[in-house]
Amino acid sequence: MAEQVSWVPEGVDTGKPSAARLYDYLLGGGHNFAADRALAEKFLKAQPNARAIARLNRAFLRRSVLFMIDEGIRQFLDLGSGIPTVGNVHEIAQKADPEAHVVYVDFEEVAVAHSQLILEHDPRATIVQEDMTRPDAVLQAARESGLIDFTQPVGVLTAGVFHFVPPQADPNAVVAAYRDAVPVGSYLAVSQFTQDLQPEEMAGIVEVMKQSQNPMYPRTKSEVEALFAGFELVEPGIVPTPLWRPEGSDTDDPDKAGIYAAVGRKL
Amino acid sequence: MELPELAARWMHALTPTAYIPLSHAEIEHALLDSLRELPESPESVAKRLVSLHATGPDSLSATIEVLSPSFELPVLARLSAAYAQAMRLDAFDQQEQLKVAIVRAKQRVERTLKVSEARFQEVFDSAALGIAITDLTGRCVEANDTLAEIVGLPSGADVVDHDLKEFYRPEDLAPLGASYRNLSEGRLDRFRDQRELIRADGEPVWVLLVVSVLRDADGRPTHHVTMVEDISELHLLQRSLDHQLLHDSLTGLSNRQHFVTQVERLLDGGPITLYHLGLDAFSVVNIGLGQDTGDKLLKIVASRLGRLAAEKNAVLARIGGDEFGFLTVNDTVTSTVEEIQDVLGEPTFVDDHGIALSASIGVVDRPPSFVTAAELMRCANAALRQAKARGKRQWALHDPHDDARRRGKYALAASMPGAWEHGEIEIVYAPVHDLETREVLGAVARLHWDDLSHNDTMALADSTGLSLPIGRWLLREACAQAARWAEEFGDGAPTLHLALGALQSRDEDLVAEVKRALDETGLPPERLRIALDISSVLAGDDNAVVLHDSGIVTALDGFRGGHDELAVLTEVPVRSVITRAPAPTPDSPLHQAMRALIATVHGFGVRFGVDEVHTLADAEHWRQAGADGVIGLLPALTSAEVTDLLRAASQPPGAS
């Protein structure tokens, strides 16, 4: 671990790359280590469009938050929020309405510490350290935060999260638990890597991510659809990220976007 | 080119190079401002680009490409230099932020660790169990005060650097060492053991050990955790309980259970002799002088026998109320019997009562080593019964041959309930023949078990208390079978005869049982004949009368021709009597007497039947003497065999 920076304390493994820091790097951020950047190079080799994919995914998160704001949502639960990077949910939401509340959820120590740092002076946003695949614990912590009123509609955000949830963790049941906790009229946003668009590149990504702390599980369109049980998909349904309610005239090729995006409204 | 148009082109060039978290209109507006500012202050434009997050690898080149036709090279050069610097600072900022985050994460982990360590320390310090953490050589690196207290040291700190092995008994070192190795080599997760430790002051202490292994992050064992519970009080209690379980509280001698285990232990050694002593007439003492006196006497006997046992190196136990076991090795029976009688015969005064003591003694001398202790105890007991039968102060050696005979019967009786339960006892049917017409009058239902006759089986059943349930079972099963025959063969079906044992004949519920059997099976009452044991009728039981009144034909079994029996025939309405006797040959003087007896019986209107007549010649002799029917001419058959015969008989001739 020659590249381990001297100020990195013991117990934080910078030698093993993490998906969150890889994402940050692909978005042009600086919250990453040599190991993450080395992984990013491999990732780019497997999927040369990776920077655009990251950017498009982040842009979808922004548009989905703004869409929910337009639909009257003022409180957000961002599951698996990762390390704060450019364009965080509370920044987007509070720019639209300073009264918007955001609860971030992540399990990883550094991501949590980093988020706390960013959110220190924001009374309307917080982070809880829980595993998003344990909805009971997450929901309890979210209630205890006092920032989310579960009698009012909630925007549940899972941008680029479920592709890190293995099938044996039963993602459908995880979503169902959150669905059952929020009132009718709440929204769920999902973006998730798929093998439907570029199967070869996707297989390459899966292979690369096996070397990180976060192996990846792409899903087909019908598997993504299954996550929305009990929700009504809003237009345009499940589509590659750039096609989800695009803003202006983007020139990105949807077939190379790698990720499906969708938003649903709880029935 | 107009600035707004340039701003739009710039925006389109820039947005694919980086994620800028703003709407296109917002980005375009910001870029338009930047274009206006650019000639004067390319540095602030560079800063704005970085703060907008237009920081992708291609963001700068895309910018230069769009702007180069409209701006001078020096302006663009300043913009590039300032952009690089702003990127550098931004990266530093972000790394700094990440560093702070990591330090905080680390601090939180440490805090959590501290809390959990504090919790552990609290558990460790206040545990009621002694806890020692030792390295793999056994050297103690940490121990709590409870452990120190158990091993007799002032505090946990004083245990540190001691080897736990110092507290083991030397003979425990090897087995405990092996158990510890099993843990460190991964063959076990945990072991429990009960051992005696030697305290620092040399005192022993009984402990329960629970030992597990601690591993490092790579799963390699680094330490053992030994939890120690002081169970010495428990241990003493356990031992006292054990003593109570194995000893007689009155005399303090071993009890029967303990004696048997000692017999077991010595059986494999030298030739042993087992004496089973029963005090003669002890019940007389107990009843006549009171139980307190009896108890005192028993204590005296115990202590005298105890002295003798010590002299002879014998094992002594109180194995029953007034019975003692005495076990010797390499012994001469006659002299030991003498010695026992001598110590018991010394004058004994209890509460001013002078009591003469003697014992009957059953002896098993030098049994083969393959017999079990329980078997020996039984043999000694059997010999004691024989000795007692001979009078006081007698002894008897166990006789294996005599024993075998006696035992055969008991063993058979003992196995009877199991045999019945397993269906080994069958019901068979023996034909009853009319001596005059030679026709079959009916079938007697009988028990059949192995090679035992009905009467032997019933006698055994009487001795085990099984005769009532078996008799009822016989009654019901036979009635059911007879009902099936009656249904299938009508008048061709045999009448059912049942001979009841003595107990069942007297059974108060007999009439109800018979009626219930008839009701439940549907057998018409006229198809049933019940033979009662004649002794029950002689004893005044009225079952025969009530059965008769209920329309059931009865007979008396076991008729021997006595006056009392003949008298009964005048009072009790029975159809026949059944006897068992040697056939009266015509040339025998008995022939005439039997003819006269049978004539007398006939005179009362009662028929005369004979059981256990096995040859035609005997049957003929009985016929000549005037008897009406016999049982036993043909072997008894199972119900299926009887059914086959009945079917064959009911076939019209030539139909096969």
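Going toward the positive end of the dipole of chain B, with +1 on Lys and Arg Cβ and -1 on Asp and Glu Cβ, which of B:258, B:455, B:332 do you reach last?
After comparing all options, I get B:332.
Order these by the 10 Å Cβ neighbour count, fewest first: B:146, A:151. Display every interim value, and only then the final one.
Working: B:146 21, A:151 8.
Taking fewest neighbouring Cβ atoms as first place, the list is A:151, B:146.
Towards the positive end of the charge dipole of chain B, with charges on Cβ (+1 Lys, Arg; -1 Asp, Glu), say which of B:82, B:355, B:469 has the farthest Cα.
Value: B:355.
Could you please report the charge total around residue B:323, scoring K, R as +1 and D, E as -1 over all other residues with beta-carbon less than 12 angstrom from its beta-carbon?
+1
Could you give me the radius of gyration and the Dmax of segment A:11-82, taking only the C-alpha atoms into account and expressing both in angstrom?
Using the Cα atoms of segment A:11-82, the pair Rg, Dmax is 14.8, 44 Å.
Around residue B:120, what is the net charge, scoring Lys/Arg as +1 and Asp/Glu as -1 over all other residues with Cβ under 11 Å from its Cβ?
My count for the surroundings of residue B:120 gives -2.
Which percentage, to the nearest 5, of the DSSP beta bridges contained in the protein assembly as shown is antiparallel? Kindly include the intermediate steps, with their values, before the conclusion.
Working: 78 of 122 bridges.
Approximately 65 percent, going by the DSSP bridge assignments.
Where both partners of a DSSP beta bridge lie in segment B:549-630, what percent of those bridges are antiparallel, to the nearest 5?
0
With charges set only on the Cβ (+1 for Lys and Arg, -1 for Asp and Glu), what does the dipole of the protein assembly as shown come to about its Cα centre, in debye to the nearest 20?
Using Cβ point charges on Lys, Arg, Asp and Glu, the protein assembly as shown gives about 600 debye.
In whole angstrom, how far apart do the alpha carbon centroids of segment A:226-267 and segment B:175-222 sit?
61
Determine the distance separating the Cα centre of segment B:116-171 from the Cα centre of segment B:591-656; give it in Å without decimals.
Using only Cα atoms, the two centres lie 94 Å from each other.
Roughly what percent of Cα-Cα pairs across the protein assembly as shown reach past 44 Å?
66
Add +1 for every Lys or Arg and -1 for every Asp or Glu among the other residues with Cβ under 14 Å from the Cβ of residue A:100, and state the total.
-4
Can you give the calculated 222 nm mean residue ellipticity of chain A, where each DSSP H run of n ≥ 4 adds -39,500 (n - 2.57) and the sum is split over every residue, rounded to the nearest 500 deg cm²/dmol?
-11500 deg cm²/dmol
In 10 Å bins starting at 0, how do the alpha-carbon pair distances of segment B:119-247 split up by percent?
P(r) for segment B:119-247, in whole percents per bin: 13, 43, 32, 10, 2, 0.
Gaussian network model of chain A, Cα springs within a sub-10 Å range: biggest mean-square fluctuation belongs to which of A:155, A:146, A:230?
For chain A, modelled as a Gaussian network with Cα springs under 10 Å, the answer is A:146.
Over the alpha-carbon set of segment B:514-640, work out the extent along each principal axis and list the three values in angstrom, largest first.
50, 40, 20
Taking each residue in B:86-97, count the Cβ atoms of any other chain within 10 Å of its Cβ, then average. What number comes out?
3
Against the longest principal axis of chain B, how steep is helix B:333-345, in degrees 0 to 90 to the nearest 10, with axes from Cα atoms?
The helix B:333-345 is inclined about 90 degrees to chain B.
How big is the gap, in Å, between the Cα center of segment B:540-555 and the Cα center of segment B:275-289?
49
Which value, in debye to the nearest 20, describes the size of the charge dipole of segment B:478-600 about its Cα centre when Lys and Arg Cβ atoms bear +1, Asp and Glu Cβ atoms bear -1, and nothing else is charged?
Once rounded to the nearest 20, the dipole reads 440 debye.
Please compute the Kirkwood hydrodynamic radius over chain B, one decimal place, Å, based on all pairs of different Cα atoms. Don't skip to the answer; put the middle values down first.
Details: mean 1/r = 0.0269 Å⁻¹.
Kirkwood hydrodynamic radius for chain B: 37.1 Å.
Could you check what % of the DSSP bridge pairs in chain B are antiparallel, to the nearest 5?
Working: 66 of 92 bridges.
DSSP beta bridges in chain B are roughly 70 percent antiparallel.
Report, in degrees rounded to the nearest 10, the 0 to 90 angle that the Cα long axis of helix B:73-126 makes with the longest principal axis of chain B.
30
What's the FRET efficiency of residue B:249 with residue B:139 using the Cβ-Cβ distance as r and R₀ = 60 Å, to the nearest 0.05? Intermediate values should be presented prior to the final figure.
Values: r = 49 Å, r/R0 = 0.82.
Efficiency at R0 = 60 Å is approximately 0.75.
Considering the options B:46, B:101, B:568, tell which one lies farthest towards the positive end of the dipole of the protein assembly as shown, charges being +1 on Lys and Arg and -1 on Asp and Glu at the Cβ, about the Cα centre.
In the protein assembly as shown, that residue is B:46.
What are the equivalent ellipsoid semi-axes of chain A, built from the alpha-carbon gyration tensor (square roots of five times its eigenvalues), in whole angstrom, biggest first?
27, 23, 17
Which order do A:95, B:392 fall in if you start with the one that has the fewest other Cβ atoms within 10 Å?
If I rank by nearby Cβ atoms, fewest first, I get B:392, A:95.
Using 0.36 nm per residue, how much length does the chain from residue B:374 to residue B:264 gain when fully extended, once their Cα-Cα distance is taken away?
Going from the current span to full extension adds 38.7 nm.
Could you put A:60, B:120 in order, starting from the residue whose Cβ has the fewest other Cβ atoms within 10 Å?
Ranked by crowding around the Cβ, least crowded first: B:120, A:60.
Please get the size of the charge dipole for segment B:228-301, origin at its Cα centre, with Cβ charges of +1 on Lys and Arg and -1 on Asp and Glu, quoted in debye to the nearest 20.
320
Based solely on its DSSP helices, what 222 nm [θ] is calculated for chain B when runs of n ≥ 4 H residues each add -39,500 (n - 2.57) and the sum is averaged over all residues, nearest 500 deg cm²/dmol?
-16500 deg cm²/dmol
If each Cα of segment B:196-285 is one equal point scatterer, what is log10 of I(q)/I(0) from the Debye formula at q = 0.11, 0.18 Å⁻¹?
-0.66, -0.98
From largest to smallest, what semi-axes in whole angstrom does segment A:44-119 give when each is the square root of 5 times an eigenvalue of its alpha carbon gyration tensor?
Semi-axes, largest first: 23, 18, 9 Å.
From the backbone phi of segment B:619-631, what are the Karplus-calculated ³J(HN,Hα) couplings (6.51 cos²θ - 1.76 cosθ + 1.60, θ = phi - 60°) in whole Hz, Gly and Pro given as x?
After applying 6.51 cos²θ - 1.76 cosθ + 1.60, I find 4, 5, 4, 5, 4, 5, 6, x, 5, 9, x, 9, 10 Hz.
Quick note: the coordinates plus some simple rules give every number you see, no bench work behind them. Everything numeric here is computed off the predicted structure, so don't read it as measured data. Glycine gets a Cβ as well: all are built from the backbone with ideal geometry, and neighbour counts include every protein chain shown.
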